[in-house]
Amino acid sequence: MIGRVLLAAILAGIAAGLVTGVIQHVRVTPLILAAEQYEGMQAAPHDHADAPAAGDTASVATDASAAAPAAAGHDHSKMTGDAAASAGHEHDANAWMPQEGFERTFYSILTRTLSAVGFALMLAGLSYLAQIPITRGNGLIWGVCGFIAVSLAPAIGLPPVLPGVPEADITMRQLWWGGTILCTGLAIWLVVRQSQWQRYLIAAAFAIAPHVFGAPHIPPGNSPLPAALASEFATISLGLSLVMWLLIGLFLAFTLNPSKENAA
Amino acid sequence: MTTAVQSRTLSISQRIAIGMSALFLGSFIVFGTGLAQDARLHNAAHDTRHATGFPCH
């Protein structure tokens, strides 16, 4: 029985993740590659005439390569045709990283699929623990709840950001991110599973608490990235997360209930 | 209804065993793809971490 549930969740996650991964490659990755041209650059001074324009990719690429000594000479142009600078992250520069082009695309789709599998397993697990089965009637609602708890609520404090945007300490952000998911999930559980009217007050307190506490977020005022690029990225990322969660809920509804007559 | 079948045929201990194993396996995978700070895992999952909204470097 455990094996069947795990298999059902893994299959649902793979299906949702592959679709999401392909959309991510087409709609999100080009924005990340465009942003990497600005990585390692200082924020542009107030002279907007000198600020890199989105269409001015050739000079941007040169500037970025000069500004970021860690930039390797990978050929981004295979993927987008307009990017040439590599990421100069603060991580160990000698560590393995996927080659630009096919390998990077492969690993991005693979990891997106794996994270969807992880989310699908967690959602299925929680449905058994909370005694609220995921059915063909409520699969999409489960997906929406997953989106609210894991994607939307954390994004209020820590919006999805492109590479190169100044950010607070990674461990603090991860702790706040995880804590916000727990609090929001608990709030949803209270509203759905409890019956006293006070549950709304307690749920609201849990949902709001992480935001009152405050996310470890640095206002992005000093970023060299064009605001339009950042806002487009945040919007598409959140939209894509919604698609992923809806697909996870929808596919789980079918893989966990293969026949309408005998769901177990 | 599918709703009834699932809860009727499982004991509480079965349900907890299923729920905990799925939750732990899922958490492990999500941690590996989204949160682990190992440089190789980070590099492989870099674009996905940004696109999913995981806190990333």
query: So how strong a dipole does the stretch A:130-264 carry about its Cα centre when Lys and Arg Cβ are +1 and Asp and Glu Cβ are -1, to the nearest 20 debye?
result: 400
- prompt: Considering every residue in A:151-161, what mean count of other chain Cβ atoms within 10 Å of its Cβ is obtained?
  reply: 2
query: At a probe size of 1.4 Å, how large is the accessible area of residue A:97, to the nearest 10 Å²?
result: 70
statement: Largest-first ranking of B:38, A:169, B:47 by accessible area, probe 1.4 Å, whole protein assembly kept, is A:169, B:38, B:47
message: Given the options A:176, A:134, A:231, identify the residue whose Cα lies farthest towards the positive end of the charge dipole of the stretch A:133-260 (+1 on Cβ of Lys, Arg; -1 on Cβ of Asp, Glu).
response: A:134
Largest-first ordering by accessible area, 1.4 Å probe, given options B:54, A:254: A:254, B:54
statement: Taking a label point 7 Å from the Cα of residue A:131 along Cα-to-Cβ, the residues of the stretch A:172-205 whose backbone nitrogen sits under 19 Å from it are A:186-197, A:199
task: Would you mind computing Rg(Cα) / (2.2 N^0.38 Å) for the stretch A:192-260, counting N as its residues?
output: 1.73
query: Can you tell me the accessible area per residue over the stretch A:134-264, all protein chains present, probe 1.4 angstrom, in square angstrom?
result: 48
message: For chain B, take the longest principal axis of its alpha carbons; what is the angle in degrees between that and the long axis of helix B:12-30, to the nearest 10 within 0 to 90?
response: 10
- request: Please work out the Cα center distance from the stretch B:21-44 to the stretch A:166-243, rounded to the nearest Å.
  value: 20
field: Sequence of A:189, A:245 when ordered by accessible area, the most exposed leading, probe 1.4 angstrom
entry: A:189, A:245
task: Would you kindly find the accessible area of residue A:136, with a 1.4 Å probe and non-protein molecules such as ligands, DNA and RNA excluded, rounding to the nearest 10 Å²?
output: 80
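The values are calculated or read from the model by the stated rules, or taken from the named source; none is laboratory data. This one's a predicted model, so the numbers in the text were calculated from it and none came from an experiment. Please note: Cβ atoms are built from the backbone with ideal geometry, for glycine as well, and neighbour counts cover all protein chains shown. Ligands, DNA and RNA are excluded from the accessible area calculation, which covers all protein heavy atoms including side chains. Shrake-Rupley method; radii C 1.70, N 1.55, O 1.52, S 1.80 Å.
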